[in-house]
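Worksheet: the structure to be examined is printed underneath.
The values are calculated or read from the model by the stated rules, or taken from the named source; none is laboratory data. In this text the structure is predicted, and so the values were computed from the model without any measurement. Cβ sites come from the backbone with ideal geometry, for glycine too, and all protein chains shown count toward neighbours. The protein model used for the area step is the full one, side chains on, heavy atoms only, and it has no ligands, DNA or RNA in it. Shrake-Rupley method; radii C 1.70, N 1.55, O 1.52, S 1.80 Å.
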Amino acid sequence: MKTVLGFDSWTQGSVYFERLVPELEQRGYRLILIHLGSWGHDPGRPAEERIGQLTLRDIGFYGGKGFRDILELERPVGVIYFSTRSLAHQAFNLYCRFLGIPTVHLYHGLATVQAFQSGGSAFRINWLNQLSLVITRLGKNLFMIWPIYWRALIETRARPSAWLDFFQQLSNKIQGKITPAPLAATTDAGCVYTAADVEHMQRNYHIPDDCISVVGNPDVSGFGLGEGNLAHCLDNEGSTNEVLYIDTAFNESGMVFSDADAFAQHLVQSAKALSRQGLKLVAKLHPAHGRTGVADTLRSQGVAICSGSEFVERLMQAKAALVEPSTAALIPALLGLPVLLAEYGPLTGQAYGEALTGYPRACSLTNVADASRIIDEVRSSDMLDASRVWIDQNSGPLPASRMSERAAEAIIATLNRKALP
């Protein structure tokens, strides 16, 4: 079988790659994920392992070989990324382009849930947290990541503008600025969940629209949301008093909250405020909180946690969802549930992208004490037809269960085209 490589920073994104394995194998391709977990994000993983149907190799598997050496050893017919913003990913991508290896960038969420404004920030930076992250990661960047990137620029004979891009990226990352990705992050083709993200990928990653495929939203089926459940809550009022909080793990990227404990206390205070209105907060935490201890803190304070397996079922019986700008926030909207956009407390002034603000049953929540009143107003308003139209437009190609098939076809089409020079 021909080899296709995936490239990522850790094993936590393996689910995105694993769903592609059967479809690629049926077409004569094997997928191997190379990750950089031992460099800090995911230490202690085996040099080689299998997660489900996917073979994963830590960078240590290759015994100190550089990115170019690995590519020349494996001789892949293509490389898949779910992110190209990190410098390590860009270095790998530079070598792919230099060696003529086709590349594909698959979005692993819906970008337009966030309010991207070029030159600004989609989120409020917590400078104390940001400084802590910079200091914590400085050693690894200075002695490992940056030299690897510089070496890639030299060996691929990059233009002087690429060196300027490097320093501009550092400045933007520290300031939390949103700018189009440098050319080092550009791939031959891309895949997005819905048509709403085509223009975003074209503008930010410089990929022509005829090289971008709309493949569907795997969360529709991945969370157990059957297509027959779309718009369910428009006609069925929930039987519980629960409000599900869906977060974005801001504290892990130096945004909004000073640390994990500050975020946990935000949820605890939100739960108390909702309780006074006869509502119960249930937290659906971002996967990154698996290493923050937030779940344990919340349980000790009496805040309920919702697992991924029960997510849709609890939403279908809930009063509303209270969300940060997360792709998972689309699930309650696709169900037709009232969606409250968190803009109170530490999140005061938080902006949201068109994918959420365009949903007719979405409302800003600037004071958590108003939650019950706003939910009642949304439920009593006549926005059902408009909500059905929005759901049809934002559910992506159906059936969603065929997302992997569509993505595999787009990947193979790219492999069969000549890579960018």
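Structure data summary
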{"item": "Per residue accessible area of the chain, 1.4 Å probe, in Å²", "result": "42"}
{"item": "Residue of Met255, Met144, Met201 that the Gaussian network model of the chain assigns the largest fluctuation, springs spanning Cα pairs under 10 Å", "result": "Met144"}
{"item": "Net charge, Thr240 excluded, C-beta distance under 10 Å - Lys, Arg +1, Asp, Glu -1", "result": "+2"}
{"item": "Charge dipole (the stretch 135-230, unit charges on Cβ, about Cα centre) - positive-most of Ile212, Gly190, Phe167", "result": "Phe167"}
{"item": "Lys pairs under 19 Å by Cα in the chain, provided they are eight or more residues apart or on distinct chains", "result": "8"}
{"item": "Evaluated over the stretch 253-411, the Cα radius of gyration and Dmax, each in Å", "result": "16.6, 52"}
{"item": "Prolate/oblate/rounded label for the stretch 318-380 (Cα gyration tensor, a/c 1.5)", "result": "oblate"}
{"item": "Net lengthening on full extension, Ala386/Thr240 (0.36 nm per residue, minus Cα-Cα)", "result": "50.0 nm"}
{"item": "Fraction of accessible area attributable to carbon and sulfur, the stretch 235-348 (%, probe 1.4 Å)", "result": "45"}
{"item": "Convex hull (Cα only) mean projected area of the chain, reported in nm² to one decimal", "result": "19.3"}
{"item": "Nitroxide proxy distance, nm - points 7 Å out along Cα→Cβ at Asp259 and Arg402", "result": "5.1"}
{"item": "Within a Gaussian network of the chain (alpha carbon springs, distance under 10 Å), most fluctuating of Pro346, Pro218, Pro43", "result": "Pro43"}
{"item": "Residue with peak Gaussian network fluctuation, the chain [Cα springs, cutoff 10 Å], from Pro325, Pro360, Pro160", "result": "Pro160"}
{"item": "Rough spin-label spacing in nm, given labels placed 7 Å along Cα→Cβ, for Tyr62 and Trp163", "result": "2.5"}
{"item": "For the stretch 1-64, average projected area of the Cα convex hull in nm²", "result": "4.1"}
{"item": "Listed residues Gly228, Leu73, Leu340: farthest to the positive end of the dipole of the chain (Cβ charges)", "result": "Leu73"}
{"item": "Kirkwood Rh in Å, taken over the stretch 139-182 so that all alpha-carbon pairs contribute", "result": "11.3"}
{"item": "Debye, to nearest 20: dipole size of the stretch 152-280, +1 on Lys, Arg Cβ, -1 on Asp, Glu Cβ", "result": "540"}
{"item": "Peptide ranges 370-377, 77-84 listed from the most packed, as the mean C-beta count within 10 angstrom indicates", "result": "77-84, 370-377"}
{"item": "Rounded to the nearest 10 Å², the accessible area of Lys2 at probe 1.4 Å", "result": "110"}
{"item": "Residues Arg276 and Gln12, FRET efficiency given R0 of 41 Å [Cβ-Cβ distance, rounded to 0.05]", "result": "0.65"}
{"item": "Average silhouette area of the stretch 200-292, convex hull of alpha-carbon atoms, in square nanometres", "result": "9.4"}
